[in-house]
Amino acid sequence: MQYWLIKSEPYKWSWNDHVAKGVEHWDGVRNYQASNNMKAMEIGDLAFFYHSNEGKEIVGIVEVVSGYYPDHTDPKERFGMVDFKAVKPVNKPVNLAQIKADPNLSEMSLLKQMRLSVGPVRKSEWDYIMKLSETTL
């Protein structure tokens, strides 16, 4: 299993929007590295749902429920998407300030590549954030 972090501005697509929908595609990604990360996802992988720009915190957990397929919003047909199922909210959101201040998370792709909307999370980082968020699956 692999772990990921996906970012969305809550005024465009929030955790609550995703929960209400249940399963939804993750479209609109136009960065090749983020797209390659989605190509690497496998059904059953888990991702943190992160509110960017507003809130700047991990608020939930989603599961990859489809393989990579063409993004219907891309007129040039260069990019694709995957579907995510809302699993559960975290019990205690973990914000960007906490992540930046914690030496255990200093190598996270979230910090190294701040503009990347879809990035990997190491197993050790996943476990640590789960502990910080007081969340279990």
Residue list for segment 62-93, restricted to those being touching a helix residue (DSSP H, G or I) at 6+ places or on another chain (Cβ under 8 Å) and closer than 10 Å to VAL23 by Cα: VAL62, PHE84, ALA86
For segment 38-137, please list each of the helices (runs of 4 or more DSSP H) lying entirely inside it that holds at least 3 residues being at pLDDT 95 or above and either crowded, with 19+ Cβ neighbours inside 10 Å or under 12 Å from the mean Cα position of the chain (by Cα) (or both). 123-132
Count - residues of segment 70-96 that are over 19 Å from SER8 (Cβ atoms) and not polar (S, T, N, Q): 6
Count of residues meeting criterion [in contact with a Ser or Thr (Cβ under 7 Å, 6 or more places away or on another chain) and not small (Gly, Ala, Ser)] in segment 94-120: 3
How do the pairs read when you match residues in segment 1-28 that are surrounded by fewer than 14 Cβ atoms within 10 Å (Cβ to Cβ) with residues anywhere that are among the aromatic types (Phe, Trp, Tyr), using Cβ under 9 Å and keeping only pairs 6 or more apart or on different chains? VAL23/PHE84
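The values are calculated or read from the model by the stated rules, or taken from the named source; none is laboratory data. Quantities reported herein were computed from a predicted structural model and do not represent experimental measurements. FYI the Cβ positions are ideal-geometry reconstructions off the backbone, even for glycines, and counts take in every protein chain you see.
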